[in-house]
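Below is one structure, written out as structure tokens; the observations come after it.
The values are calculated or read from the model by the stated rules, or taken from the named source; none is laboratory data. Model, not experiment: these values are computed from the prediction. We place every Cβ from the backbone using ideal geometry, glycine too, and count neighbours over all the protein chains shown. All accessible areas refer to the heavy atoms of the entire protein, side chains included, with ligands and DNA or RNA removed. Shrake-Rupley method; radii C 1.70, N 1.55, O 1.52, S 1.80 Å.
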Amino acid sequence: MRLPHVPLDEVEDVHVGLIGIPWDGGTTNRAGARHGPRQIRDLSTLMRNVHHVTGVKPFDLANCADLGDTPVNPIDLHDTIARIEAFFRDVHAAGIVPLSAGGDHLVTLPIMRAIARAQPVGMVHFDAHTDTNDRYFGEHKLTHGTPFRRAIEEGLLDPKRTVQIGIRGSLYTSHDMDWGYEQGIRVIQIEEFFDLGVEAVIAEARRVVGDGPTYISFDVDGLDPVYAPGTGTPEIGGFSTHDAQRMIRGLRGVNLVGGDVVEVAPPFDPSGATALVGATIMYEILCLLTEVVAKR
């Protein structure tokens with residue numbers, strides 16, 4: 001967004017930090033999201049100063065900076081997760097609200113480990129998949145399909161203050177979603193989304209998360225792939241980019257503590273259209289975060 005690049009060890013008086021996480025070691029099928037932050041940065045130069053609907057001027061409300069990319073180890077999953085967590089611990093200790101570009105969806109787990117140790121967060125989760133599976137390929141418990149199961153087990157994510165919007169697609173077994181329901185997660189499958197409509201879904205999301213600290217996690221595969229073809233696990237029949245924008249705007253005033261946009265995989269969309277979606281959704285979330293920061 002043409003913001004200054006401020007290395008984390010030189011941070012001073014930054015309120016909201018934009019961060020890239022160029023890693024897709026948790027991907028189970030089509031890799032490529034490690035290149036997401038680079039292309040999102042490129043397309044984000046199209047973002048301007050004033051939100052055209054709300055009138056919010058995010059760069060006037062808060063000091064924002066690009067903190068660069070987290071360190072990663074492309075051949076070691078566990079080392080990468082430790083590196084990401086350490087980076088975000090420093091961000092959190094500096095009082096900076098993080099807004100991140102992934103990377104695959106496993107990156108949300110180390111972010112939550114860094115910012116939600118003292119108090120679990122609620123979450124508004126836009127996605128085609130619940131990402132609450134237990135394991136893949138036998139013993140692999142850390143993949144982009146498992147982060148929120150781990151986060152709930154570790155006491156980082158409050159399942160009763162979690163709403164998942166846009167869930168769809170075929171399952172591995174008929175019991176794949178049972179665990180999340182048992183924990184109390186509010187799952188809005190895509191059929192219910194279309195039955196309820198955007199305004200009712202917004203109202204339900206606000207009811208679920210309440211007044212407590214809340215995180216937004218936006219997987220671009222929540223969108224129909226006609227809007228975001230550059231992603232690792234596309235599922236047809238999703239919501240539109242405009243639906244997504246309206247839902248995010250409807251979260252104004254929620255007690256937000258951070259957010260991310262994940263699973264932009266440029267190799268599957270060299271045109272950059274999916275990265276533009278990622279950058280624009282980040283801008284929508286940024287407008288919310290800067291309003292929250294300005295009120296503190």
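The range 70-129 and the range 244-277 have their alpha-carbon centroids 16 Å apart.
Out of all DSSP beta bridges with both ends in the chain, state the antiparallel percent to the nearest 5. Walk me through the intermediate numbers first.
Numbers: 1 of 36 bridges.
That works out to approximately 5 percent antiparallel.
Anyone know which of Thr173, Thr214, Thr146 comes out most mobile in the 10 Å Cα GNM of the chain? Looking only at Thr173, Thr214, Thr146, the biggest GNM fluctuation is shown by Thr173.
DSSP H helices in the chain with Cα extent of 18 Å or more along the helix axis and mean Kyte-Doolittle hydropathy at least 1.0?
Result, helices passing both filters: 273-295.
Across all directions, the average flat footprint of the convex hull enclosing the Cα atoms of the range 61-135 is 6.5 nm².
By the rule of a C-alpha distance below 22 Å, with chain neighbours fewer than 8 residues away ignored, the lysines paired with Lys295 are Lys57. When the chain is described by a simple charge dipole with +1 on each Lys and Arg Cβ and -1 on each Asp and Glu Cβ, the residue from Leu67, Leu109, Ile236 located farthest towards its positive end is Leu67. Using the Stokes-Einstein relation with a Kirkwood hydrodynamic radius computed over Cα pairs, the translational diffusion coefficient of the range 1-77 at 20 °C and a viscosity of 1.002 mPa s comes to 150 µm²/s. Average 1/r across all pairs of distinct alpha carbons in the range 244-292, invert it, and you get the Kirkwood radius: 11.7 Å.
Quickly rank 177-184, 111-118 as a protection proxy: mean count of other C-beta atoms within 10 Å, highest first.
Details: 177-184: 15.0, 111-118: 20.2.
Descending mean neighbour count gives 111-118, 177-184.
Taking all protein chains into account, the per residue accessible area for the range 210-280 stands at 29 Å² (1.4 Å probe). Considering only alpha-carbon pairs that sit under 8 angstrom and 6 or more positions apart, the relative contact order computed for the range 57-168 is 24 percent. For the range 1-116, the relative contact order comes to 41 percent (Cα pairs under 8 Å, sequence separation of at least 6). Within the accessible area of the chain, the carbon and sulfur atoms contribute 51%, probe 1.4 Å, all protein chains present.
Here the relative contact order of the range 188-243, from alpha carbon pairs under 8 Å that lie six or more residues apart, stands at 30 percent. Convex hull volume of the Cα atoms of the chain, normalised per residue: 116 Å³.
Considering only the other residues whose Cβ falls under 11 Å of the Cβ of Gly32, what net charge follows from Lys and Arg at +1 and Asp and Glu at -1? Neighbourhood net charge equals -2. Of Glu139, Glu199, Glu235, the residue with the greatest mean-square motion in the GNM of the chain, using alpha carbon springs below 10 Å, is Glu139. If I build a Gaussian network model for the chain, linking alpha-carbon pairs within less than 10 angstrom, which residue out of Val107, Val220, Val53 has the largest mean-square fluctuation? Top of the fluctuation ranking is Val53.
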